[in-house]
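Input: a single structure, listed below in structure tokens.
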Amino acid sequence: MRAFFSYMTEQRLNTLKEKLSNYNLQYTDVNGTPSITIPNENLLDVCNVLKNDLQFDQCRDAVGVDRFTKKNRFEIIYNLYSIPFKERLFIRVEIDGKNPESQSLTSVWASTNWYEREAYDMVGIKFTGHPDLRRVYMPEDYEYFPLRKDFPLMGIEGSIPLPNK
């Protein structure tokens with residue numbers, strides 16, 4: 001049985017670093033998988049290079065995270081995959097502020113449409129340039145974001161009508 005992915009070779013990682021040398025990136029390792037932290041303002045440019053020049057042709061998942069810290073409270077983590085090289089790469093974007101916002105990657109990978117909508121709905125991260133940014137699980141007029149760390153564990157009483165038992 002063939003493996004679904006292989007670990008990135010040092011030569012390929014060096015090629016990746018060389019192609020992205022114009023950007024202020026931080027490289028780390030997550031259990032053998034490379035991870036890049038990208039400044040929010042460079043996200044779209046870096047992702048276009050990753051797709052077009054380095055053949056990361058799929059975005060397989062993306063999650064919004066609330067770190068509940070004073071600086072860079074929010075984060076988005078994208079899980080990319082290269083079919084020709086059978087390699088995985090994580091990209092992370094740290095976001096400041098009370099009104100978290102990042103660029104949408106739907107113009108690069110269409111699959112991010114749903115993932116970004118989910119991050120918006122659950123964590124409250126807005127994606128500029130998203131073609132259809134609306135809630136997925138919660139009612140459209142719901143004013144809270146259930147996966148934020150400051151959201152009460154038992155919910156907010158009276159915030160949403162619940163079905164009868």
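Read-outs: derived from the displayed coordinates by stated rules, not from any lab. It should be emphasised that the depicted structure is a prediction, and the values quoted were computed from it without experimental measurement. Reconstructed Cβ throughout: ideal geometry from the backbone, glycine too, with neighbour counts over all protein chains shown.
When shorter helices are ignored and each DSSP H run of at least 4 residues is given -39500 (n - 2.57), the per-residue value for the chain at 222 nm works out to -6000 deg cm²/dmol. Here the range 46-99 is treated as a sphere whose radius is the Kirkwood value from Cα pairs; by Stokes-Einstein at 25 °C and 0.890 mPa s it diffuses with a coefficient of 202 µm²/s. Sketch the reach of a paramagnetic label on Ser159 as a point 7 Å from Cα along Cα-to-Cβ, and name the residues of the range 121-142 whose backbone nitrogen lies under 12 Å away. Residues passing the 12 Å test: 122-124, 138-139, 142.
How big is the shadow of the Cα convex hull of the range 10-128, averaged over all directions, in nm²?
7.1 nm²
For the range 10-128, relative contact order (Cα pairs under 8 Å, six or more residues apart, normalised by length) works out to 24 percent.
The distance between label points at Asp45 and Asn14 comes to 2.6 nm (points 7 Å beyond Cα on the Cα→Cβ vector).
Which lysines does Lys71 reach when only Cα atoms under 18 Å apart count, and residues fewer than 8 places away in its own chain are ignored? Straight-distance partners of Lys71: Lys98, Lys126, Lys149. Here the 3J(HN,Hα) profile of the range 94-99, calculated from phi with Karplus coefficients 6.51, -1.76 and 1.60 at θ = phi - 60°, is 8, 10, 7, x, 6, 10 Hz, Gly and Pro shown as x.
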